[in-house]
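The values are calculated or read from the model by the stated rules, or taken from the named source; none is laboratory data. Here the structure is a predicted model, which means the values were calculated and not measured. Neighbour counts run over all protein chains shown; Cβ positions are idealised from the backbone, glycine included.
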Amino acid sequence: MILQERAGVIVKAMGGLYYARDEAGDVHVVRAKGVFRRKGITPLVGDAVRFAPGSGEEHGWIEQVLPRENELVRPPVANIRHLFIVLAPEPEPDRLLIDTLLVTAHMQRISPVLVVNKRELDPSLAVEIREEYARADAPVLEVSAQTGYGLDQLAAALKDGIGCMTGQSGVGKSTLLNKVTGLTLEAGDISSKIGRGKNTTHHTELLVKDGYQVLDTAGFSLLELLEPMNPVLLKAYYPDFAPYEDDCHFQPCYHFSEPGCAVLTAAARGELSKARLERYHQLLDKVKQTWRNRYE
Ligand SMILES: Nc1nc2c(ncn2[C@@H]2O[C@H](COP(=O)(O)OP(=O)(O)O)[C@@H](O)[C@H]2O)c(=O)[nH]1
Ligand SMILES: [Mg+2]
Ligand SMILES: [Zn+2]
């Protein structure tokens, strides 16, 4: 018996099997038809699909993958509305990672949100972050999973489409999700727990609860983040530079050390964060290297 085709969202992908959640909240095991492989389409977690459910022990079939708003490679997911970049006074923020994540978000037209957690440990971090990222097109939310500060605002943003939590390990991503959504993700010092450790496999899963659709991602290594990209494009993902770029003497300008560079001048005048510009130069170096080695 073939049950009627219906709409759903892919919440999990494992070894060619997909888990599609229908509008009633039931999860069905489905496979992708061969036609997708021939067209080079791999369904992703977050994909909106039409599917025919199976019956009994039999899996169903994905009939259609609806057009994507965006897709990330790591984690492999589609249709993210907000990328929540979580940071905290402890562990010490890795600002180069934050900048890289912002570039990734802007490239994919995902709206980034900087979430400064553990506010009760040091409220001055959020002040610094607001200043440094004032022109980075990313709102800053100050929160504390411990005291509950700011969680209403985070909850509202998390309810707006599919949200992806990212950032260094230990900043409180899982704890925040648990507090806001009532999920029961493992948080804290997981590696010291019995039977868990480096080899714990991590499946990307879209967690759905009470109107929330969220992904909790493990920490990334910075090297994995940026795909080979023409270095001249990197600056396009720094909204900070946009107001000045037209005035650069050379076009295109990398804003590295060119004479008459309006971006460098703005930083020297204190209109742009010098530290963020320096990190852009670091990232530019990395992107240039990756681009040179792209065929190796
Ligand atoms: N002081 C303080 N500790 C927090 C806060 N939020 C989370 N933590 C702690 O930070 C540690 C790491 O949290 P976890 O959610 O596992 O971080 P994740 O690796 O980003 O998912 C845990 O020990 C949490 O209890 C907070 O707002 N304040
Ligand atoms: Mg976690
Ligand atoms: Zn310039």
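When His28 is tested against the conditions (1) of a type outside the set (Lys, Arg); (2) more than 25 Å from Val214 (Cα to Cα); (3) surrounded by 14 or more Cβ atoms within 10 Å (Cβ to Cβ), the lone failure is (2).
Any chance segment 135-145 includes a residue that's surrounded by 15 or more Cβ atoms within 10 Å (Cβ to Cβ), under 20 Å from Val208 (Cα atoms) and charged (D, E, K, R)? The answer is no; no qualifying residue exists. Going by the structure shown, is Gly163 buried (at least 17 other Cβ atoms within 10 Å of the Cβ), at pLDDT 95 or above and in the same structural domain as Pro93 (by TED's automatic domain parsing)? Judged against the criteria, Gly163 is a match.
Glu120 meets each of the listed conditions (1) under 30 Å from Ala7 (Cα atoms); (2) surrounded by fewer than 16 Cβ atoms within 10 Å (Cβ to Cβ); (3) in contact with a Phe, Trp or Tyr (Cβ under 8 Å, 6 or more places away or on another chain) apart from (1).
Of the residues screened, Leu66 is one that is of a type in the set (A, V, I, L, M) and either in contact with a Leu (Cβ under 7 Å, 6 or more places away or on another chain) or at pLDDT 95 or above (or both). Residues that are without any contact (Cβ under 8 Å) to a residue 60 or more places away in the chain and among the aliphatic types (A, V, I, L, M) number at least 1 in the following strands (runs of 3 or more DSSP E) confined to segment 5-91: 6-14, 17-22, 27-32, 48-52, 60-65.
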